[in-house]
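Scroll down for the structure; my scribbles are underneath it.
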Number of protein chains: 2
Amino acid sequence: MYLTQSIHRAVQQGPDAPSTIFGDRVRTAAESADRISRLAGALKLLGVQTGDRVAMLALNSDRYHEYLLATWWAGAAVVPLNIRWAPTEILFSLHDSGAHMLLVDDAFAPVVPSLEEALDTVVYCGDGAVPEGMLGYEQLIAAAEPVEDVRAGGDTLAGIFYTGGTTGFPKGVMLSHSNLRVSATGGQAHAGLAVPDGRMLHAAPMFHLADLAVWTAQHLVGGSHVIIPAFEPIAVMKAIETHRVTSLLLVPVMIQMLVDHPDMAKHDLSSCHSVLYGASSIAEAVLKRAMNAFPNAGFVQAYGMTEVAPIATLLTAQDHAEGHLRSAGRAAAHSEIRIAAPDGTDAPVGTVGEVLVRGGHVMLGYWNNPADTSDALRGGWYHTGDGAYMDENGYLYIADRLKDMIVSGGENIYSAEVENAVAQHPAVATCAVIGVPDERFGERVHAVVVLRQGFAATAEEIRGHTKTLIAGYKAPRSVEFTDALPLSGAGKILKRELRKRYSRANGLIDD
Amino acid sequence: MYLTQSIHRAVQQGPDAPSTIFGDRVRTAAESADRISRLAGALKLLGVQTGDRVAMLALNSDRYHEYLLATWWAGAAVVPLNIRWAPTEILFSLHDSGAHMLLVDDAFAPVVPSLEEALDTVVYCGDGAVPEGMLGYEQLIAAAEPVEDVRAGGDTLAGIFYTGGTTGFPKGVMLSHSNLRVSATGGQAHAGLAVPDGRMLHAAPMFHLADLAVWTAQHLVGGSHVIIPAFEPIAVMKAIETHRVTSLLLVPVMIQMLVDHPDMAKHDLSSCHSVLYGASSIAEAVLKRAMNAFPNAGFVQAYGMTEVAPIATLLTAQDHAEGHLRSAGRAAAHSEIRIAAPDGTDAPVGTVGEVLVRGGHVMLGYWNNPADTSDALRGGWYHTGDGAYMDENGYLYIADRLKDMIVSGGENIYSAEVENAVAQHPAVATCAVIGVPDERFGERVHAVVVLRQGFAATAEEIRGHTKTLIAGYKAPRSVEFTDALPLSGAGKILKRELRKRYSRANGLIDD
């Protein structure tokens, strides 16, 4: 169970087949393997030892692909950094992980001066002139001799993946080779995330586990990786059409942008066989439009998180066909889940409790953080902090992050339920529901709404519409309109940002 | 990665769905889980400790299924015994593994007196009266309280699987939970061996890794196990038709018996979605007839052995459609293979060498046999002892067991090639080719042939026909006709038996 295994298979089974396609640059399997073994050689010459951490801060490219595999080939661990982070957060991750080498592209080379205190070596993997003080990626590959694959695998640390999630200070999630392979293989076995010898489009950021999951799944069954620097609707549609892409991962906000795009119908998306989505909930109406836009694709939803590498549950194409669109799916082939009541026993069917996950995909722990590790993994289960209930057939329904749950007038209110209702108003493009301080009720349901272009609605209309769908006490007591919601690198809505904004606007905090 | 995980998922995702179907006896997932947890409780009461070995000697049944899972639930390891073996071989396996508890059914209860010296406890899992000196399986389940699942997994020993293979003295292959799951998940991810929520027919013996592989694959994705005591053509066809079986494993000799059966066309086999076959080579003509007989099934060939739990390569349905029928497939998603020249380097494309296998599915080792273990696993690769070559796209072509290779007049002759040619004679049902002593050539190619019912052919006709297909020096110099070939429990032709028979018939040995 070593992640470089797929390279050896690719060379054996089709040395001349494309491995990566990035713009006009196509690398065959043989060429890609040669470059990876040379880059691994360069890393070793630069002093990278077995178990060392090597970081990258870059948009998507074929070099991101090579960086991941070369680091493993050399027996080291990857630290893919979140491209949305501020320099302070990046610096924290570098210090915390002890990565002294950083690869940066053109987009992030300007950040390097603010990170230098943590770094011994900076490798520039852009296409321009190598900046002063950095080493050139292509020059390193050209100069180094290929080395043998260390074939590190099993429980060996494959990477540290920093997750601020939506809750603040980054934690370094340690994932082993086995963790990543178990999740990807289980997902593939369960729901066919990748087509054997197919083409996977990487439009979501490659630093994130969501895209890494489908990347690994495609590696398992052979095929090519079509890579674009970042998500952009036209670029996605063109890449699918040009390269006959068979599978891709999208987060809900990307799906929304695609189906809202006026050019959607002009592009031939018929080659797409499977679309994986996840990381946050999606409005049913948007999902249905997306399913129409990709006529030949099975849609699969994944629920999970970095700590489970990342797939916990899957809602298969079959589940979609059977109408379970509100569910986050059932325990995936490699995964066991249960819903724990506050006293730790199994919550009854239909009752919200905390989602616990168990299996070979659960992280080794948090880097340098034994206290949080033992808390998160107590009793042999990973404690997600997510509230959800399960129906009698094991379908999971996410209610909320437990810390996002709203307690209003003594009632527990789960924002996902309210958001689903608000999103059904025809004028609503997307929304987020948070609890805000309220003198009378303790907390009050507050909705932050982005309207669809060309549509209008008042707060009262949205509130009235919502009340036709859910109990009155759950309907938002206040509605705020905005142009866009703050998103994490993975496309998750940052509710803590919304709470801060609200507090600032209402004079509750000063900063 | 614990093999009992699937039970928890099955109860969560469909407690009332059938888990096992054995004749008229149907057990739901909830009922099956309850019985397994009680049987595990009974094993513990009987003194089975974590890591102990528990053996079973029985035809297929729903109790075989329960035995496997209950043993793991209790934290112990299974020792499924070969039903074709003589009492001396069984006794050897019991002594060697240290299993002091044996489960037997009606077919094997009569053997127990000859095994008693090795045993503390014998559990009778037939449907008649419990024989003197044995404990009743149903009585144990009825009397025991359910216990918690130990959830042993990962590198924990899951079972010792004795393999005489075709080469003599049994060796105990130690497989971990992880080994078995890696192979089954990889096979499922690569080629879809089981249909999610489908029905898997167990007609091949359940003690054998070939059937255990598809059993595990079906567990991974949920569904039911339809079990018949043993392979019999009519029983297979009826089970498929009655229970709308979606997948099954067959060894080539079973496929041959099915397609040769006069009632084949009378049964509706349209529910079958996938047919996995393997364990030995199959004549192309037979395979084509089988593909017609199962109109909706994708055929998948697996090549492997107990030591790799058991899948090394897969020839997918797509590969079949593309005409690669002679190949044993390509390295499976979880597996790395290479062909080693005698000096240990990679053999060039098209050149026969030894097949080596690497990955998380490679056994822990041979039980009580560190010398054979380190020899078989030297350099981090499992050495199969099989001769094969690979083409430029990674397709593997098995030439022979290296020890079955015939050296005649200084030429290496691979029996598979000769067998393929002989089998193309229209009168030949099946055949085996061995080397026999020859004064002039050292060894001489000798064919043992079973004719199709109602057909006739002379040795000279077969020899003449073969020469039209392969080089003259490879054609059999002698041909012997027989009614049936000696087969191992897994349906492999026992060439050492054929060589013994020849030697006896020709006065070369006395025994």
| message | Can you tell me which residue is farthest from the other protein chains (Cβ to nearest Cβ) among those in region A:299-322 that are among the β-branched types (V, I, T) and surrounded by fewer than 24 Cβ atoms within 10 Å (Cβ to Cβ)? | response | A:T306
| Does at least one position in region B:80-93 carry a residue that is closer than 30 Å to B:K238 by Cβ and either buried (at least 22 other Cβ atoms within 10 Å of the Cβ) or within 14 Å of another protein chain (Cβ to nearest Cβ) (or both)? | yes
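Can you confirm whether region B:84-98 contains a residue that is under 30 Å from B:E145 (Cα atoms) and out of contact with any helix residue (DSSP H, G or I) (no Cβ under 7 Å at 6 or more places or on another chain)? Let's see the steps before the verdict.
Looking only at region B:84-98, we keep the residues that are under 30 Å from B:E145 (Cα atoms), and these are B:94, B:97-98.
Subset that is out of contact with any helix residue (DSSP H, G or I) (no Cβ under 7 Å at 6 or more places or on another chain): B:97-98.
Looking for residues that are under 30 Å from B:E145 (Cα atoms) and out of contact with any helix residue (DSSP H, G or I) (no Cβ under 7 Å at 6 or more places or on another chain), one finds at least one in region B:84-98, hence yes.
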| said: Given the condition crowded, with 18+ Cβ neighbours inside 10 Å, in a strand (DSSP E or B) and under 21 Å from the mean Cα position of the chain (by Cα), answer yes or no: does some residue in region B:338-352 qualify? | reply: no
| remark: Of (1) in contact (Cβ under 8 Å) with a residue 12 or more places away in the chain; (2) under 28 Å from A:Y2 (Cβ atoms), B:P348 satisfies every one except (1)
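Would you confirm, using the coordinates I've provided, whether B:G380 is within 13 Å of another protein chain (Cβ to nearest Cβ), surrounded by fewer than 23 Cβ atoms within 10 Å (Cβ to Cβ) and of a type outside the set (S, T, Y)?
Details: within 13 Å of another protein chain (Cβ to nearest Cβ): yes; surrounded by fewer than 23 Cβ atoms within 10 Å (Cβ to Cβ): yes; of a type outside the set (S, T, Y): yes.
So B:G380 passes the test.
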| message | Checking the condition assigned by TED's automatic domain parsing to the domain that holds B:L135, in a helix (DSSP H, G or I) and free of Cβ contacts under 8 Å to residues at least 24 places away in the same chain, which residue from B:A30, B:A42 passes? | response | B:A30
| remark: Listed by first then second residue, the pairs whose first member lies in region B:469-485 and is outside the structural domain of B:R452 (by TED's automatic domain parsing), whose partner is surrounded by fewer than 15 Cβ atoms within 10 Å (Cβ to Cβ) and among the acidic types (D, E), with beta carbons under 8 Å and at least 6 positions apart or on separate chains, are none
| message | Of everything in region B:75-85, what is touching a Gly at 6+ places or on another chain (Cβ under 8 Å) and either under 17 Å from B:D211 (Cβ atoms) or in contact (Cβ under 8 Å) with a residue 60 or more places away in the chain (or both)? Give them in sequence order. | response | B:G75, B:A77, B:V78, B:V79, B:P80, B:N82, B:I83, B:R84, B:W85
| said: If I filter region A:173-200 down to residues being more than 14 Å from every other protein chain (Cβ to nearest Cβ) and buried (at least 24 other Cβ atoms within 10 Å of the Cβ), which single residue comes out as farthest from A:E66 (Cα to Cα)? | reply: A:V173
| field | Selection count, region B:114-134, where residues are touching a residue at least 60 places away in the same chain (Cβ under 8 Å) and either part of a strand (DSSP E or B) or not assigned by TED's automatic domain parsing to the domain that holds B:I90 (or both) | value | 1
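If you go through region B:1-36 one residue at a time, how many are β-branched (V, I, T) and either in contact with a Phe, Trp or Tyr (Cβ under 9 Å, 6 or more places away or on another chain) or within 15 Å of A:E392 (Cβ to Cβ) (or both)?
Initial filter on region B:1-36 (β-branched (V, I, T)): B:4, B:7, B:11, B:20-21, B:26, B:28, B:36.
Within this subset, residues satisfying the condition of being either in contact with a Phe, Trp or Tyr (Cβ under 9 Å, 6 or more places away or on another chain) or within 15 Å of A:E392 (Cβ to Cβ) (or both) are B:4, B:7, B:11, B:28, B:36.
Looking only at that region, the number is 5.
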| query | Has region B:261-272 got at least one residue that is among the charged types (D, E, K, R) and buried (at least 20 other Cβ atoms within 10 Å of the Cβ)? | reply | no
| query | Can we say A:Q139 is in a helix (DSSP H, G or I), without any contact (Cβ under 8 Å) to a residue 60 or more places away in the chain and within 14 Å of chain B (Cβ to nearest Cβ)? | reply | no
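Taking B:P170 as the residue in question, decide whether it is crowded, with 16+ Cβ neighbours inside 10 Å, of a type outside the set (D, E, K, R) and modelled with pLDDT under 95.
Details: crowded, with 16+ Cβ neighbours inside 10 Å: yes; of a type outside the set (D, E, K, R): yes; modelled with pLDDT under 95: yes.
Considered against the rule, which asks whether it is crowded, with 16+ Cβ neighbours inside 10 Å, of a type outside the set (D, E, K, R) and modelled with pLDDT under 95, B:P170 comes out as yes.
If you check A:A290 against the conditions, is it of a type outside the set (K, R), more than 14 Å from chain B (Cβ to nearest Cβ), farther than 30 Å from A:T4 by Cβ and crowded, with 20+ Cβ neighbours inside 10 Å?
yes
To keep it simple, each residue is scored yes or no on (1) in contact with a Lys or Arg (Cβ under 9 Å, 6 or more places away or on another chain); (2) closer than 23 Å to B:V221 by Cβ; (3) not assigned by TED's automatic domain parsing to the domain that holds A:A184.
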| site | (1), (2), (3) |
| --- | --- |
| A:Q318 | no, yes, no |
| A:L325 | yes, yes, no |
| A:A328 | no, yes, no |
| A:N368 | no, no, no |
| A:D391 | no, yes, no |
| query | Just for region A:86-99: of the residues that are within 20 Å of A:G47 (Cα to Cα) and free of Cβ contacts under 8 Å to residues at least 40 places away in the same chain, which one is farthest from the chain's Cα centre (by Cα)? | reply | A:H95
| remark: Taking region A:75-85 and keeping residues hydrophobic (A, V, I, L, M, F, W, C) and within 21 Å of the chain's Cα centre (by Cα) leaves A:A77, A:V78, A:V79, A:L81, A:I83, A:W85
| task | Could you grab the pairs with beta carbons closer than 8 Å, sequence gap of 6+ or different chains, first residue in region A:357-370 and within 14 Å of chain B (Cβ to nearest Cβ) and buried (at least 23 other Cβ atoms within 10 Å of the Cβ), second one part of a loop (DSSP other than H, G, I, E, B) and modelled with pLDDT under 95? | result | A:R358/B:R151; A:G359/B:M1; A:G360/B:M1; A:G360/B:G153; A:G360/B:G154
| task | For region A:1-34, enumerate the residues that are away from every other protein chain (no Cβ under 14 Å) and either in contact with a Leu (Cβ under 9 Å, 6 or more places away or on another chain) or surrounded by fewer than 23 Cβ atoms within 10 Å (Cβ to Cβ) (or both). | result | A:P18, A:I21, A:F22, A:G23, A:D24, A:R25, A:V26, A:R27, A:E31, A:S32, A:D34
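The values are calculated or read from the model by the stated rules, or taken from the named source; none is laboratory data. Keep in mind that this is a model prediction, so the values were computed, not measured. No Cβ is skipped: glycine too gets one built from the backbone with ideal geometry, and neighbour counts run over all protein chains shown.
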